[in-house]
Amino acid sequence: MKRKLQLGVVILTLAVILFLGSVAGKGILALLSGAKPLPDETSFSQAENAYLSYEVTHPVISYPEEYYSGDATRVKRMAYLVYDEERQTFLKVVISKEHTSPFERLLRAVNMSEEVKESWGDELESQLKPVTVIGSLTAPAADPEGMAALSQGLSDIDFEESEDLIMEAMAQSGWYVLEEGYIQGLPAWHFVICGAVLVINLLFLLIALISLLRKGTGKDFLSQNPQSPITQFLKAQLPWLESWCQKGRGRRTRMAFLAIVVVAGALTALGFYVGSSPREVLTCHLALGLGLGELYGIPLLLGMGLAFDPDKLLKNYNKAWEKLYPIQTEREAVARDLLKADDSWAVRELGKEDSACAILGERYWMVLKGAAGVALIDSSRVGKLYSETVSGQIRTGKVRYSYTSYMIYIHYLGEEDNKHANVQLSWNSESASGHFLTLARKRLGDRAQTVMGNN
């Protein structure tokens with residue numbers, strides 16, 4: 001199951017990488033390589049869709065290209081019809097409204113009469129300084145707004161040379177469009193999003209491949225000394241632990257893929273709702289949705305090897321056990337005692353994300369909890385045992401979470417009056433806590449009344 005999940009992550013990330021490569025690969029590469037200056041000998045048709053830097057020297061007229069959604073009076077982008085003297089043709093340059101100041105300065109300067117230009121003297125050169133635009137060229141298209149602006153310009157401009165340029169522009173069948181900050185007709189930040197999601201998927205793919213190729217050590221650990229009572233005891237826990245882990249993996253798998261599908265689907269639907277084109281939805285909304293969904297879902301899938309791997313959990317329990325009882329012969333004695341206890345002496349509390357199992361032998365009681373928690377009680381030394389219900393609230397940011405724990409405190413003989421118990425056990429349900437107390441009373445026998453009182 002673990003290898004299937006890792007293989008699933010490999011397939012998922014590869015699919016996303018191939019998808020992003022097909023819809024945004026060229027744009028990402030163009031963004032990484034940077035804008036190249038347009039050579040003088042290269043025509044606009046040859047540079048179509050190329051990411052380039054272009055020097056505007058002769059803007060002819062300007063007009064609004066795009067308004068903010070919901071506010072038809074607020075201009076978002078301006079269009080400038082520009083004359084290219086080298087190629088003897090016109091193109092349209094689209095600029096964000098916030099970046100139009102140098103264009104307006106150049107537009108005023110180039111459309112001044114010769115007499116006005118002479119009056120500027122040495123300052124004229126700074127007014128005629130070219131403006132560099134970085135973006136990509138797209139094919140000519142019909143532009144009724146541009147034609148209307150040119151027609152209006154004929155009646156507003158008295159300078160004969162400008163009038164001649166406007167007439168030439170109107171006679172041109174169509175204008176190539178250079179959009180600032182755009183690559184292949186899409187905003188450059190779309191490709192930044194796609195590139196970031198691509199990197200995230202490459203990282204997840206690498207982690208999944210390493211996990212897939214790395215040999216597990218849990219099963220090897222259990223087969224090293226099969227005759228040892230310690231190994232036999234740990235193997236005896238596999239049936240319930242494997243069942244719990246399988247349910248946990250299934251639940252997390254559903255949560256992971258549901259998160260990816262829901263987030264990606266919701267952002268895609270939002271993209272179409274706000275009127276974005278299919279290409280915009282694919283490179284922005286869907287790509288962003290996949291990235292956000294994967295940031296939540298894929299760590300869940302990859303993390304199941306730690307949280308829901310029964311062999312690894314048993315290895316962690318063994319390490320914790322070694323810390324409590326470093327001498328192996330002592331651990332073997334404990335294991336032999338616990339192996340005599342059948343399933344009727346076990347208390348199991350199996351939650352969605354956490355598990356706890358207590359086994360009460362004739363002398364030793366062991367509790368396996370969480371990813372690596374082990375508590376060991378020598379019942380022959382128990383002098384006081386009592387329970388307590390603890391409740392409260394935990395605050396995380398502005399949210400308060402309530403909790404209730406059913407605690408069992410165990411003091412050893414001679415330490416009954418100590419403030420802190422020798423062993424503390426925490427249960428999430430009153431039934432599990434009560435079941436443990438019932439079994440403890442049976443194991444203590446005649447000592448139960450003295451040790452436990454009315455618990």
All positions within the range 432-442 that are of a type outside the set (S, T, N, Q), under 51 Å from the mean Cα position of the chain (by Cα) and either open to solvent by less than 40 Å² (accessible area, probe 1.4 Å) or closer than 22 Å to GLY383 by Cβ (or both): ALA432, GLY434, PHE436, LEU437, LEU439, ALA440, ARG441
Tally, over the range 402-431, of residues that are under 17 Å from VAL390 (Cα atoms) and either of a type in the set (Ser, Thr, Tyr) or surrounded by fewer than 18 Cβ atoms within 10 Å (Cβ to Cβ) (or both): 16
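Condition check ((1) under 42 Å from the mean Cα position of the chain (by Cα); (2) closer than 29 Å to VAL261 by Cα; (3) not aliphatic (A, V, I, L, M)) across all residues:
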site: LEU301; (1), (2), (3): yes, yes, no
site: LYS319; (1), (2), (3): yes, no, yes
site: GLU330; (1), (2), (3): no, no, yes
site: LEU338; (1), (2), (3): no, no, no
Hits in the range 182-197 - residues which are within 20 Å of HIS99 (Cβ to Cβ), in contact with a strand residue (DSSP E or B) (Cβ under 6 Å, 6 or more places away or on another chain) and open to solvent by 20 Å² or more (accessible area, probe 1.4 Å): TYR182, GLY185
Matching residues in the range 129-143 - criterion: being touching a residue at least 40 places away in the same chain (Cβ under 8 Å) and open to solvent by 60 Å² or more (accessible area, probe 1.4 Å): THR132, ILE134
Wholly within the range 360-455, strands (runs of 3 or more DSSP E) carrying at least 2 residues that are hydroxyl-bearing (Ser, Thr, Tyr) and touching a residue at least 24 places away in the same chain (Cβ under 8 Å): 382-396, 399-412
Counted residues, the range 51-74 - those being modelled with pLDDT under 90 and open to solvent by less than 40 Å² (accessible area, probe 1.4 Å): 6
Any hit, the range 144-153, residues being among the aliphatic types (A, V, I, L, M), in a helix (DSSP H, G or I), modelled with pLDDT under 70 and open to solvent by 30 Å² or more (accessible area, probe 1.4 Å): no
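Residue-wise test of (1) open to solvent by 20 Å² or more (accessible area, probe 1.4 Å); (2) closer than 26 Å to GLU322 by Cβ; (3) not aromatic (Phe, Trp, Tyr).
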{"residue": "ASP354", "(1), (2), (3)": "yes, yes, yes"}
{"residue": "ALA372", "(1), (2), (3)": "yes, yes, yes"}
{"residue": "SER379", "(1), (2), (3)": "no, yes, yes"}
{"residue": "GLU388", "(1), (2), (3)": "yes, no, yes"}
Selection from the range 211-227 of residues that are in contact with a Leu (Cβ under 9 Å, 6 or more places away or on another chain) and either open to solvent by 20 Å² or more (accessible area, probe 1.4 Å) or at pLDDT 90 or above (or both): SER211, LEU212, PHE221
Selection status of SER276, among the polar types (S, T, N, Q), under 21 Å from ALA196 (Cβ atoms) and either without any contact (Cβ under 8 Å) to a residue 40 or more places away in the chain or touching a strand residue (DSSP E or B) at 6+ places or on another chain (Cβ under 7 Å) (or both): yes
Any chance LEU124 is under 48 Å from the mean Cα position of the chain (by Cα) and surrounded by 14 or more Cβ atoms within 10 Å (Cβ to Cβ): no
Flag if GLY34 is of a type in the set (Gly, Ala, Ser) and open to solvent by less than 30 Å² (accessible area, probe 1.4 Å): yes
Answer residue from the range 75-110, given it is touching a Phe, Trp or Tyr at 6+ places or on another chain (Cβ under 6 Å) and over 30 Å from VAL274 (Cα atoms) and is most open to solvent (accessible area, probe 1.4 Å) among those: TYR83
Within the range 279-299, tally of residues that are without any contact (Cβ under 8 Å) to a residue 60 or more places away in the chain, within 12 Å of ALA259 (Cα to Cα) and among the aliphatic types (A, V, I, L, M): 1
Unique match (being modelled with pLDDT of 90 or more and open to solvent by less than 20 Å² (accessible area, probe 1.4 Å)) among ALA24, ALA15, ALA47: ALA24
Subset of the range 162-181 (residues that are open to solvent by 30 Å² or more (accessible area, probe 1.4 Å) and closer than 18 Å to ASN111 by Cβ): GLU163, ASP164, MET167, GLU168, MET170
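The values are calculated or read from the model by the stated rules, or taken from the named source; none is laboratory data. It should be emphasised that the depicted structure is a prediction, and the values quoted were computed from it without experimental measurement. Using ideal geometry, Cβ is built from the backbone for each residue, glycine included, and neighbour counts are taken over all protein chains shown. These accessible areas exclude ligands, DNA and RNA; they are computed on the full protein's heavy atoms, side chains included. Shrake-Rupley method; radii C 1.70, N 1.55, O 1.52, S 1.80 Å.
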